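Reviewing the structure listed below.
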Amino acid sequence: MLDTRDARKTNKVRLPYGYLYKRQIDGKYSNFVEFHDELADNISFSRCVYDECEALSGVADPHQLRFTPNAGGEGVYAIAIESGNYLTFEQLLNEQPAMVAQGDFISRTIEALVRLTTTLNGMGIQHLCFAPSNVLVRKSDGSVRLLCHGSFYQRLYLNAELYDGVEQFVAPEVLRNEMATDSSDVYSLARFIEYLYASSGVPFEFKAVLKKATVEVPDKRYATVDAMYSAMKAHRNVFRSGLMAVAACLVALLVVGLFFELTPNREPVEFVKPVEEPIDDDLLDQGFDPLTELGVAADSATIAAAVRDFTNDSNRIDEKKLREFEAKSEQIFRKQYTREAERILSKLYNASQMNSSNEKNFQAASEEVMQELVSKQKELANRASLNDEKSQRIASQIIEQITDRKKVELGQKKKYGLQK
């Protein structure tokens, strides 16, 4: 019974070239991949397994799994891989789909695969098949892992056995048994990236890059996965800069509109200069228009809503720009509220009121004036998109300054007080 238990195989997971499973030996679980019979029976395949095992011993990247061939009979029938609890990405989406949506999981996965693939390509090795069933992830921390690489077996003409069911993740020239190159990995990794974004949709800024990476002709793709990754980062930065430029334009339009709406006099208007970033030629070729992509209409209500969305998103507009916009809105609020406070306070601080001997009437008038001041403060603050705390502070300063001045002008600075 003990021998039977030790030899027992747990749940098997199908990989393109075999089955991944755990076997309990002497009370410990070890990871194995058992090759499909049609591969294990091929003597040339066994020699390739040994060649790969030797070559991978020089790869220091932690995302590369090491293995030891298990030989029996006339060839290698399985490999024993390093300890750990591993899932395929296919399993991960079925068992723990929330992990893919967490934080920077996708970006970390892509970066790790690009770094490892660049190292492998520098050694003349191509992975060739970034299928969800051929890319592993460590269950404990979600860290990506690669195991066997297709370029070691390309000369055997065993594509039907190696890539059965995952052909859409393999470059066309590889399936045709033509020479595999680094651009073959570009194609396959781009297909895997599309798979990662399947549930949420490929981000707009990556679409042009992935389209180029998956063209049929190898020479028209990016030459390396690192070049593709650099293009993805460049397009992402341009897209974000475009969003910031749109945000700057929208806020500028709103501020200028408020200025003209609330200011009757003709005065010079200070425009907020949009962010100037060079636009990538690929984006221009794709007809990139931030306003169109964002669905922003030209009416003021939509502009105001868009401004609130952009200024609430720290990824789209930096703190420096936000402070500039807030300062401009504060300037407009201060100017307009000063004018309104001057008008309202004149109802209280005038010769008629100040010469009255009835303090009760003066207190009643004070309350009416303060209510009107508070109402006007809220109205103007809402138009200028200022929060209550800031607008109240500014309003209090303005009221105090105007009140003191009017008391002095009327020679009644100490006779009556103004309740705040």
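Coordinate-derived values only; no laboratory data. Not measured: the values here are computed from a predicted model. No Cβ is skipped: glycine too gets one built from the backbone with ideal geometry, and neighbour counts run over all protein chains shown.
Charged side chains reduced to their Cβ positions (Lys and Arg at +1, Asp and Glu at -1) give the range 324-410 a dipole of some 220 debye around its Cα centre.
Rounded to the nearest 20, the size of the Cβ-charge dipole of the range 117-194 about its Cα centre is 260 debye, with Lys and Arg at +1 and Asp and Glu at -1. The alpha-carbon positions of the range 86-233 define a convex hull whose volume is 106 Å³ per residue. One quarter of the surface of the convex hull around the alpha-carbon atoms of the range 1-128 equals 9.6 nm², the direction-averaged projected area. In this structure, the residue pairs whose Cα-Cα separation is over 27 Å, taken from LYS12/LYS233; LYS335/LYS406; LYS22/LYS211; LYS139/LYS207, are LYS12/LYS233; LYS22/LYS211; LYS139/LYS207. Based on alpha carbons, the Rg and Dmax found for the range 324-410 are 14.1, 49 Å. The trypsin sites (Lys or Arg not before Pro) of the range 141-240 that DSSP puts in a loop, and whose beta carbon has at most 12 other beta carbons within 10 Å, are ARG176. Local charge for GLY103 was computed over the other residues whose Cβ lies under 14 Å away, with Lys and Arg +1 and Asp and Glu -1, and equals -2. Could you tally the net charge around GLY73, taking each other residue with its Cβ under 13 Å from the Cβ of GLY73, Lys/Arg +1 and Asp/Glu -1? Result for the neighbourhood of GLY73: -3.
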